[in-house]
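Structure first, commentary second.
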Amino acid sequence: MIKFSLLTKSLLAVGSLAISLNAFAIKPFYATEDGAIKGYDPVAYFVDHKAVKGEKNLSYVWQETTWYFASQANLNAFKAEPEKYAPQYGGYCAYGVSFGYAPAVDPTAYSIVDGKLYLNYSHSVSQKWEKESSKYIDIANQKWPTVKAGNVTEKN
């Protein structure tokens, strides 16, 4: 029979806890079988000023996620500066993140604030978000590291 010291037992417990917490970490970016942002082109929000579905033949893998684009120009722009176009908070609902959750999104419910893309769960949630977006952004910025670390789970 193997005997473990109290220190060894404590280290094993901490290691097990760290492994189990990682099992609950959220994906780097909200994605479905259609890719990031449910297959919508992240650059189109900025250049077309609307949500546009990307094409399967115009794809790029970034941050462990497949992104789709409506044009080669948009794909090239994203490749050059993905952080500029990728949605905030991993593409999870910005309003939800401000409450400590990582909800799914409706890619057509979005806003661009100070040059950054924010997605929301629905158009009604987006309306609430837009009324006080600067307040929600401040709160979400504080909560995102905890949400991202997986201390909460996705909500649909």
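The values are calculated or read from the model by the stated rules, or taken from the named source; none is laboratory data. Since the structure is predicted, the reported quantities are computational estimates derived from the model, not experimental observations. FYI the Cβ positions are ideal-geometry reconstructions off the backbone, even for glycines, and counts take in every protein chain you see. Heavy atoms of the whole protein, side chains included, go into the accessibility calculation; ligands, DNA and RNA do not. Shrake-Rupley method; radii C 1.70, N 1.55, O 1.52, S 1.80 Å.
Condition check: at positive phi, surrounded by fewer than 22 Cβ atoms within 10 Å (Cβ to Cβ) and among the small types (Gly, Ala, Ser). Does residue 35 satisfy that?
Considered against the rule, which asks whether it is at positive phi, surrounded by fewer than 22 Cβ atoms within 10 Å (Cβ to Cβ) and among the small types (Gly, Ala, Ser), residue 35 comes out as yes.
Write out, first by first residue and then by second, each pair whose Cβ atoms fall under 8 Å of each other, whose residues are 6+ apart or on separate chains, and whose first residue, in segment 74-86, is over 19 Å from residue 56 (Cβ atoms) while the second is modelled with pLDDT under 95 and open to solvent by less than 80 Å² (accessible area, probe 1.4 Å).
86/29
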